[in-house]
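Beneath this line is the structure, given in structure tokens, with notes to follow.
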Amino acid sequence: MSAAKDSATAAEELATQLGNNKLGFILFFCSAEYDLPELAAALEEQFPQVPKSGCTTAGELTPAGYARGHIVALGFHASDFRVAVGPIQNLTEFDLLQAQELIDNLLLSEPVYGAQQRQSFALTLFDGLSAQEEVALFSLQTALGKIPHFGGSAGDDNQLTDTYIYFNGSFHTNAAVLLIFTTALPFEVFSTHHMEPRTEKFVVTAASDDTRTVYELNAEPAAEAYAQYVGCALTELDATVFAMHPLAVRMGNEYFVRSIQRVNDDGSLTFYCAVGEGAVLTAMATQPILPDLEQRFAEIEKSIGEPLVTIGCDCVLRRLECEQRNEVAAASAFYRRHQVLGFNTYGEHFNGIHINQTFTGVVIGRGEDGV
């Protein structure tokens with residue numbers, strides 16, 4: 001990781017820490033505060049022969065825990081990981097046929113490893129303001145089949161203006177990247193959240209799927225109805241209020257949060273996930289995030305052993321919850337103990353579904369040789 005604000009210095013510090021010995025791939029997450037063209041040039045200069053992908057963030061999960069204004073990078077040793085990179089340069093036109101072709105090409109590029117058994121998982125990074133996750137993720141999951149998948153949508157430090165995905169030596173908007181990791185090390189892809197349903201419910205009575213905008217809840221102006229439920233004035237609605245008073249849709253026995261992104265001038269609410277007219281939104285009660293994380297990680301580590309690293313996609317609203325509850329230090333300590341690296345997202349991806357206010361990721365174990 002680097003806290004340096006100068007792009008050249010940050011890239012140099014990463015190179016010093018990671019080294020260049022047999023790196024097969026670099027995954028990074030960076031603050032949108034960097035001069036991105038300069039950062040791209042600096043990374044290419046420091047790691048000229050190493051494939052790289054990454055995205056901008058709404059905060060970083062570093063070796064020291066929660067951070068902002070940093071860059072964090074993971075280097076994958078060529079002898080233990082094969083990473084196939086599939087850029088998607090125009091999300092608005094991406095469809096199932098393109099998804100199938102992309103994944104077929106990535107899987108065909110996999111080398112033969114001999115007798116050693118290896119398995120794959122997929123990681124997606126999306127432009128977090130593209131509003132294309134639902135359709136594109138469905139297409140990718142259909143083509144991925146049984147390959148487990150997770151990911152996150154890029155952030156821009158809560159500015160809500162532009163979010164970027166990095167591949168092929170530069171940063172892109174209206175873009176995504178699919179990464180297929182193949183390894184002999186044990187791993188588990190997972191998603192978890194810490195909320196319970198309340199009794200209050202809202203019916204979406206007017207909405208636009210294309211813009212993820214809800215105009216009416218229970219036939220009332222959406223922002224007014226939500227503010228009345230929270231018990232605050234319209235002018236007090238902000239990201240922290242949204243984090244502490246989430247709404248969710250129910251699918252089967254599971255609840256999936258649909259986080260509010262902002263209040264619009266016309267009194268409507270824009271969400272991070274698609275919310276259609278007629279949907280029923282259930283109010284959710286938040287709790288401290290650590291008990292759920294501790295239980296989930298204990299289950300995973302009992303199965304695969306001591307973690308080598310966890311790549312985590314942690315919703316920015318969970319971080320705001322931690323700040324509101326004064327739990328940032330405790331959460332950072334947990335992430336350090338469990339080797340968690342990653343970023344705060346504008347949405348998470350899990351097996352083809354776009355979700356909010358979760359911690360989603362992959363725990364990679366050390367294996368029998370204790371890599």
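All of the numbers you see were taken from the coordinates with simple rules; none came from a lab. Computed from a prediction, not measured in an experiment: that's the story for all the values here. Virtual Cβ from ideal backbone geometry, glycine too; neighbours counted across all protein chains shown.
What is the sum of charges, Lys and Arg at +1 and Asp and Glu at -1, for the other residues whose Cβ falls under 12 Å from the Cβ of Val241?
-2
What are the lysines whose alpha-carbon lies under 28 Å from the alpha-carbon of Lys146, with same-chain residues fewer than 8 places away excluded?
Lys52, Lys302
Around Gly65, with a cut-off of 15 angstrom between Cβ atoms, what is the net charge of the other residues, counting Lys and Arg +1 and Asp and Glu -1?
+1
Just add up the charged neighbours of Gly152: K/R +1, D/E -1, any other residue whose Cβ is under 11 Å from the Cβ of Gly152. Intermediate results must be reported in sequence, preceding the final value.
Details: positive: none; negative: Glu133, Asp314, Glu348.
Around Gly152, the charge tally is -3.
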